[in-house]
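The values are calculated or read from the model by the stated rules, or taken from the named source; none is laboratory data. Model, not experiment: these values are computed from the prediction. Using ideal geometry, Cβ is built from the backbone for each residue, glycine included, and neighbour counts are taken over all protein chains shown. Each accessible area value is taken on the protein alone, full model and side chains, heavy atoms only, with ligands, DNA and RNA left out. Shrake-Rupley method; radii C 1.70, N 1.55, O 1.52, S 1.80 Å.
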Amino acid sequence: MPYGMYLSAEGARAQAQRLEVIANNLANVDTVGFKPDVTSFQARFAEAIQQGHAGAGSRGVDDVGGGVKTIETLTNFRPGNLKHTGNDTDLAIEGNGFFQVAGPDGEALLTRAGNFRLDNVGRLMTANGYAVLDAGGAPIQLAPNLPWSISGDGFIEQGGGAVPIALVEPDSLAELTKVGANMFRPRGEMRPVGETARAVRSGTLEMSAASSTRQMMAMIEVSRAFEANARMIQTQDDAMGQLVGRLLRTA
């Protein structure tokens, strides 16, 4: 089989993987606090080098380009646009940091999605039913029959007291892993956002950072690249068929 067919197949596979990521971004253009993903590519060694049958840099027949491959999918953490809702339990972080919530198995997860709600006993919950934590790591509990408000620095004030909402950040955003439901799992230690940097806006939501226009343009680009690789596979297959046919006629 022509080696070029392998190159085109690898290119098509890489574009198919990128298309899956873009499709997920498009599906979440209206998801509160969503952070889009970006696929990263890298030049691929020739198959003989990949299999360990030849060494890179030998300049031999096996030391040729191997096309491209997907190496990782990265998350773009740029903030989304803020949208005023007027709902007291809708919160948006201005600047760095994440809300800290208790996951289904009790582990602390992070999110930028502030579309919270109060349950029937006054606990502040995420849209998925996870308890929002205070700075001490405890679920935030309000008295359902008393008025309350949220200050600009992220304190819930009720009955003369004030409880700070947990706002934390990692040393590096690369330490965060998506775990679904618009949540992130930290792989390292979290530190509280500094007192002077705490900024929370009530009655506002941070919307998705995925732009429908940009994602559609990327999808068109990927579709064309995939089609180009598919055409190259077909062209090389036709050429191989013609060559075999000529050999059979001359045999």
Going by Cα centres, the stretch 223-251 and the stretch 174-215 are how many Å apart? 49 Å
Residue 199-residue 120 FRET efficiency (beta carbon distance; Förster radius 35 Å; 0.05 resolution): 0.70
Please calculate the 1.4 Å probe accessible area of residue 183, with all protein chains present, and give it to the nearest 10 Å². 10 Å²
Where does the Debye-calculated log10 I(q)/I(0) of the chain sit at q = 0.07, 0.09 Å⁻¹, using only Cα point scatterers of equal weight, no solvent? -0.39, -0.56
Using R₀ = 41 Å, calculate the FRET efficiency as 1/(1 + (r/R₀)^6) where r is the Cβ-Cβ separation of residue 216 and residue 96; round to 0.05. 0.90
Per its Cα gyration tensor (rounded if a/c is under 1.5, else prolate when a/b beats b/c, else oblate), the stretch 164-208 is best filed as oblate
Per-residue accessible area for residue 150 at 1.4 Å probe radius, Å² rounded to 10? 30 Å²
Could you compute the FRET efficiency for residue 88 and residue 40, with r as their C-beta to C-beta distance and R0 at 30 Å, rounded to 0.05? 0.15
What 222 nm value per residue comes from the helices of the chain, counting each DSSP H run with n ≥ 4 as -39,500 (n - 2.57) and dividing by all residues, nearest 500 deg cm²/dmol? -9500 deg cm²/dmol
Interatomic Cα distance distribution for the stretch 61-187, bins of 10 angstrom, percent: 11, 40, 28, 10, 5, 4, 2, 0
Report, in debye and to the nearest 20, how large the dipole of the chain comes out about its Cα centre when Lys and Arg carry +1 and Asp and Glu carry -1 on their Cβ. 760 debye
The answer for the chain, accessible area per residue at 1.4 Å probe in Å², is 56 Å²
Student exercise, the stretch 109-251 dipole from Lys, Arg, Asp, Glu Cβ charges, in Debye to nearest 20: 560 debye
Rh_Kirkwood(the stretch 187-236) over Cα pairs, Å, one decimal, evaluates to 15.9 Å
Full-stretch length increase - residue 30, residue 81 - with 0.36 nm per residue and alpha-carbon distance subtracted: 17.2 nm
Positive dipole terminus of the chain, leading residue within 210, 165, 87 (C-beta point charges): 210
For residue 177 the rounded accessible area (nearest 10 Å², probe 1.4 Å, non-protein molecules ignored) is 50 Å²
Residue separation between residue 127 and residue 13 times 0.36 nm, minus their alpha-carbon distance, gives in nm 37.5 nm
